[in-house]
Amino acid sequence: MRGRGTGLTLALPGLLVLLGVVGLPLLYAFRLSLSDYTFLKREAAFVGLGRYLEAFQDPYFLHALGLTALYVAITVGLSLALGLLLAVLLHQRLPLKGFHYFAVSLPMLIAPVGVGLIWKMILHPELGILAYLFGGRDFLGNPGSALLTLALVDAWQQVSFTALVLLAGLRNLPREPLEAAYVDGASPWQAFWRVTFPLLLPVFWILVVLQTVAEIRTYDLVYVLTRGGPGSATDLVSYYIYRKAFLGLDLSGASAMGYLLLLLTLILVGLYYRGLTRA
Amino acid sequence: MKRIFAVLVVLLGLALAQGVVLRALMEDVPETRIIEELLPRFEKETGIRVEFEKVQYAAMHDKLVAQLLAPQSGYDFLQVDFLWAGEFPAAGWLEPLEPYLKASGFDLSPYYPSMLDLVGYYQGTLYMIPMYSYAMGLLYRKDLLARKDLQDRHRTQFKKPLALPKTLEEYVNLSLFMARNAGVAGAAMQGQRGDPNFMEFSNYLFAAGGDYLDKNGRVILNSSQGEKALSLYARNIRQGAQKGALNANLDDTFRVMCQGGAFSMITYWWMLPQLDDAKQCPKAAGRVALSPAPGGAGVNGGWGWAIPKNSANKEAAWRFISWVESKAIVKERTLKGHAPTRKDAFRDPEVLKKYPYYKEAERIIAGAKKVPIFAYTAEMEDVVGREISLAASGQKVIKQALQDADKGLEGLLRKAGLLR
């Protein structure tokens, strides 16, 4: 009991800081979302759930939500699939392992804005190497390919994180079940899917949660590469909410949309955790 | 001990009296550096020190709003883009400047009425002093217009000489002609959604005889002129512009023009000296010229000086603004490459000798038209820009995009309390 008290005392400063920097802004944003506060109308009135209802009636917000769902599915799926492939490769006996680790970690070390600027030049329809290789194709200026291109750039950066986490998971797996599978005559393919992957599943689910949360918040790449265009082909929800707040000066409406997004994220994370506990 | 204390108090008092420090958030561009070079002289004359915090344009609005909402602003005077020239006064964040003008005898008559209308008055009250002009005009390659083979081909195809366009149709036709025959794009276009395409399209709208609002403040974007402007804009971006124009911004169009990759661009007039610089753009320097946008009236753009209501040093801030906008200092700034807003700077013989094209620039500024300036101008750019982009990329038919842009703008005016 005494030990528990000491633990709580020691944790208290940290908890207070957390409450201050996370809890209070969240509470303040919630209060705003129930009002009609804007930068131009600071004497706000209580409007209940009015701003939430407005968000559901805003076709561009709903469009941004749908687009974000697609974007998250592509980026999370790709970064996990490629990350798994890279992790398995790095787990083999390879020459120049240090170099491979460095190369794989590199994208993760670059700030998203930097990634955006690098890819902006690579994809530039007149100056970019990729456009040159694909006959001057305008990847970002074409509404049919802009979202996929954005997702591929994002996945390129995220894959280094997923690969390293999965590699750490692979390294910590017990060897005995795998050896037993081989003794029983399993092929490497069968051993991987029937033994290694199920054992890796908890790490995999954690990554699904982390990546989903990160991708829902994607803002920087949209800002640098497309500004939501062409048209509204890459108008992801975080960028939409940002514009609502700082171009529309509508902080209460943006807070309501932010809370809706938070709610959706929490539901998703809850579902994933269910998967995780089962795994 | 007492004596030392007394000396310290006196020194502190002197330091406080002399040591007014004015702080301002400025865009990190050559214009700011030009002013910065002159600041030691202001300090010598007045004892007031001025410090600039320089950031990229994209970071300015959010930083300014945070300070303007605070009980006391960290910035004593402001550099206000015309996009915020409705929002800041509407929010009650700016100090009316007429009392300062009266007290100091500052003369507004040298300023172009178009600039005072844009970054001076808001609903009849003076909140800003025009600081910098970036009205839009037509930049074109005079060497291509003078090429014999192109002249002959143009005469054969259109039965008229190759010349500068007077109307929007003529401009788009010329752009398409150059794209087909001159081995360059007809126009370097900034079709990226938001500020780039909104500003560019507005020139097309004005050139076609259209506008956003009528004299009574009603939205008239969805008109036959608007339809003509958007159709020609979409046609030019698809057939006449450089590759990737739908996602291009100002930097991209500059690069294309600088590398000699386009015949023309509708852009800010200060782009000319940048492109005419042989070190920076050897393929364009000496071959580019400036004229007013087709139709005669391009979009007006500019910055203004203002004092926040929550500034702690309003008097000193006004002293700086009236100094930096004085005739002599504006001339000095102009000779270093500044884009002025005062007529006397444009007509100064020394300035004209150094920059002969300032004569054209003056015509552009004097004839420029403004887009609606109100509390939600920035959001208007986003809403209308989205519809322009949807139409230009073929995701929406012209008529529908115009209807939606019209509806969006009406909603914003209503939100601002300007429509019932």
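The values are calculated or read from the model by the stated rules, or taken from the named source; none is laboratory data. Just so it is clear, the model here is predicted, and its values are computed rather than measured. Virtual Cβ from ideal backbone geometry, glycine too; neighbours counted across all protein chains shown.
Kindly indicate whether B:A24 is at pLDDT below 95 and small (G, A, S). It is false that B:A24 is at pLDDT below 95 and small (G, A, S). Please verify whether B:E53 is more than 14 Å from chain A (Cβ to nearest Cβ), within 23 Å of the chain's Cα centre (by Cα) and surrounded by 14 or more Cβ atoms within 10 Å (Cβ to Cβ), treating the condition exactly as stated. No. When the test is whether a residue is out of contact with any helix residue (DSSP H, G or I) (no Cβ under 6 Å at 6 or more places or on another chain) and in contact (Cβ under 8 Å) with a residue 40 or more places away in the chain, A:V88 passes it.
The number of residues in the stretch B:294-304 being outside any loop (DSSP other than H, G, I, E, B) and either in contact with a Lys or Arg (Cβ under 7 Å, 6 or more places away or on another chain) or surrounded by fewer than 24 Cβ atoms within 10 Å (Cβ to Cβ) (or both) comes to 1. Within the stretch A:32-56, residues that are more than 14 Å from chain B (Cβ to nearest Cβ) and crowded, with 18+ Cβ neighbours inside 10 Å have Cβ atoms under 6 Å from residues that are in a loop (DSSP other than H, G, I, E, B) and not β-branched (V, I, T) in these pairs: A:S35/A:A44, counting only partners at least 6 apart in sequence or on another chain.
So, in the stretch B:62-90, of the ones that are within 12 Å of chain A (Cβ to nearest Cβ) and surrounded by fewer than 17 Cβ atoms within 10 Å (Cβ to Cβ), which residue ends up nearest to B:P372 (Cα to Cα)? For the stretch B:62-90, the residue satisfying everything is B:D62.
The listed residues are A:L266, A:L210, A:L166, and the only one of them that is within 20 Å of the chain's Cα centre (by Cα), at pLDDT 95 or above and not basic (K, R) turns out to be A:L166. Considering only residues in the stretch B:189-212 that are aliphatic (A, V, I, L, M) and away from chain A (no Cβ under 14 Å), the one that is farthest from B:R255 (Cα to Cα) turns out to be B:A208. A residue that is within 14 Å of chain A (Cβ to nearest Cβ) and either hydroxyl-bearing (S, T, Y) or touching a residue at least 12 places away in the same chain (Cβ under 8 Å) (or both) occurs nowhere in the stretch B:39-48. Residues of the stretch B:180-203 that are more than 13 Å from B:M265 (Cβ to Cβ) and either touching a Gly at 6+ places or on another chain (Cβ under 9 Å) or crowded, with 24+ Cβ neighbours inside 10 Å (or both): B:R180, B:Q192, B:R193, B:G194, B:D195, B:N197, B:F198, B:F201, B:S202. Within the stretch B:385-409, the set of residues being touching a Phe, Trp or Tyr at 6+ places or on another chain (Cβ under 9 Å) and within 12 Å of chain A (Cβ to nearest Cβ) comprises B:G385, B:R386, B:I388, B:A391, B:A392.
Table: residues versus (1) surrounded by fewer than 18 Cβ atoms within 10 Å (Cβ to Cβ); (2) closer than 26 Å to A:T226 by Cβ.
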position: B:S231; (1), (2): yes, yes
position: B:N236; (1), (2): no, yes
position: B:N249; (1), (2): yes, yes
position: B:F254; (1), (2): no, yes
position: B:W269; (1), (2): no, no
position: B:D276; (1), (2): no, no
position: B:A285; (1), (2): yes, no
position: B:L290; (1), (2): no, no
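In the stretch A:210-223, which residue that is crowded, with 19+ Cβ neighbours inside 10 Å and among the hydrophobic types (A, V, I, L, M, F, W, C) is farthest from A:F161 (Cα to Cα)? Checking each candidate, the answer is A:V222.
Of the helices (runs of 4 or more DSSP H) lying entirely inside the stretch A:1-104, those containing at least 2 residues that are among the aromatic types (F, W, Y) span A:24-33, A:50-57, A:59-90.
For B:Q242, the criteria (1) in contact (Cβ under 8 Å) with a residue 60 or more places away in the chain; (2) of a type outside the set (A, V, I, L, M, F, W, C); (3) within 14 Å of another protein chain (Cβ to nearest Cβ); (4) buried (at least 24 other Cβ atoms within 10 Å of the Cβ) hold in every case but one, which is (1).
Condition check for B:S264 on (1) in a helix (DSSP H, G or I); (2) within 20 Å of B:R180 (Cβ to Cβ): one failure, at (1). Looking at the stretch A:130-176, which of the residues that are within 14 Å of chain B (Cβ to nearest Cβ) and part of a helix (DSSP H, G or I) is farthest from A:T226 (Cα to Cα)? Filtering the stretch A:130-176 for residues that are within 14 Å of chain B (Cβ to nearest Cβ) and part of a helix (DSSP H, G or I), the one farthest from A:T226 (Cα to Cα) comes out as A:Y132.
Residues that are away from chain B (no Cβ under 12 Å) and either closer than 12 Å to A:Y60 by Cα or surrounded by fewer than 21 Cβ atoms within 10 Å (Cβ to Cβ) (or both) within the stretch A:225-256 comprise A:L236, A:V237, A:S238, A:I241, listed in sequence order. Looking at the stretch B:397-405, can you tell me whether even one residue there is in contact with a strand residue (DSSP E or B) (Cβ under 9 Å, 6 or more places away or on another chain) and surrounded by fewer than 17 Cβ atoms within 10 Å (Cβ to Cβ)? No, there is no match, as no residue in the stretch B:397-405 is in contact with a strand residue (DSSP E or B) (Cβ under 9 Å, 6 or more places away or on another chain) and surrounded by fewer than 17 Cβ atoms within 10 Å (Cβ to Cβ). When restricted to residues that are over 8 Å from the mean Cα position of the chain (by Cα) and either more than 14 Å from every other protein chain (Cβ to nearest Cβ) or not in a helix (DSSP H, G or I) (or both), the stretch A:213-224 contains 1. Of all positions in the stretch B:365-377, at least one carries a residue that is within 14 Å of another protein chain (Cβ to nearest Cβ), of a type in the set (G, A, S), in contact with a helix residue (DSSP H, G or I) (Cβ under 7 Å, 6 or more places away or on another chain) and surrounded by 22 or more Cβ atoms within 10 Å (Cβ to Cβ). Those residues that are over 18 Å from B:A146 (Cβ atoms), within 14 Å of another protein chain (Cβ to nearest Cβ) and either touching a Phe, Trp or Tyr at 6+ places or on another chain (Cβ under 9 Å) or of a type in the set (A, V, I, L, M, F, W, C) (or both), I need them from the stretch B:256-290; list them, please. Residues satisfying the conditions are B:V256, B:C258.
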